[in-house]
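Some notes on the structure that comes next.
The values are calculated or read from the model by the stated rules, or taken from the named source; none is laboratory data. Fair warning: this is a prediction, and the values are worked out from it, not measured in the lab. FYI the Cβ positions are ideal-geometry reconstructions off the backbone, even for glycines, and counts take in every protein chain you see.
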Amino acid sequence: MSMDILKLAVTAVIAALCALVLRKQVPELALCLSLAAGALLLGQALEAAAGLRGFADALAGQMGLSTQIWAPVWKTVGIGVVARLGSAVCKDAGEGGVAAFLETAGAILALFAALPLVETVFDTLEGLL
């Protein structure tokens, strides 16, 4: 795993340096390069996330918890990641206002996605009282 992050970091730095050079001549191409590098890096990270999800589901099963309890957590994390990445791309393209609206929308959607988990927690607390 530590070698994976080293490879990803090297890829990110090379892409960033190339984008920096391109940004002076062809800013649109620099943005496309950044998006392509981001997609590559995110794809690699998603492979690790799949393993993490399997582990979390197995752990929940051993503890007698429904794997459905994890669904809102995964949705919330996914919304946060997508909103963060989308916001960064918007800021890189010079659209800070759009980035701010995306971050706000992401926060609202993440809260909405977490509602079933909050409901489960309250139901559990109610059952204990």
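Does any residue of region 46-56 turn out to be exposed (fewer than 14 other Cβ atoms within 10 Å of the Cβ) and among the aromatic types (Phe, Trp, Tyr)?
Yes, there is a match, as at least one residue in region 46-56 is exposed (fewer than 14 other Cβ atoms within 10 Å of the Cβ) and among the aromatic types (Phe, Trp, Tyr).
Has region 83-106 got at least one residue that is surrounded by 15 or more Cβ atoms within 10 Å (Cβ to Cβ) and more than 25 Å from Leu40 (Cα to Cα)?
No; the residues of region 83-106 include none that is surrounded by 15 or more Cβ atoms within 10 Å (Cβ to Cβ) and more than 25 Å from Leu40 (Cα to Cα).
Can you tell me how many residues in region 24-49 are within 14 Å of Val89 (Cβ to Cβ) and of a type outside the set (S, T, N, Q)?
Qualifying residue count for the region: 13.
Could you please give the count of residues in region 20-33 that are modelled with pLDDT of 90 or more and within 21 Å of Val82 (Cβ to Cβ)?
Of the residues in that region, 2 qualify.
Being surrounded by 13 or more Cβ atoms within 10 Å (Cβ to Cβ) and modelled with pLDDT of 90 or more narrows it down to one of Ala60, Ala71, Ala110, Ala36, so name that one.
Only one candidate passes the filter, namely Ala110.
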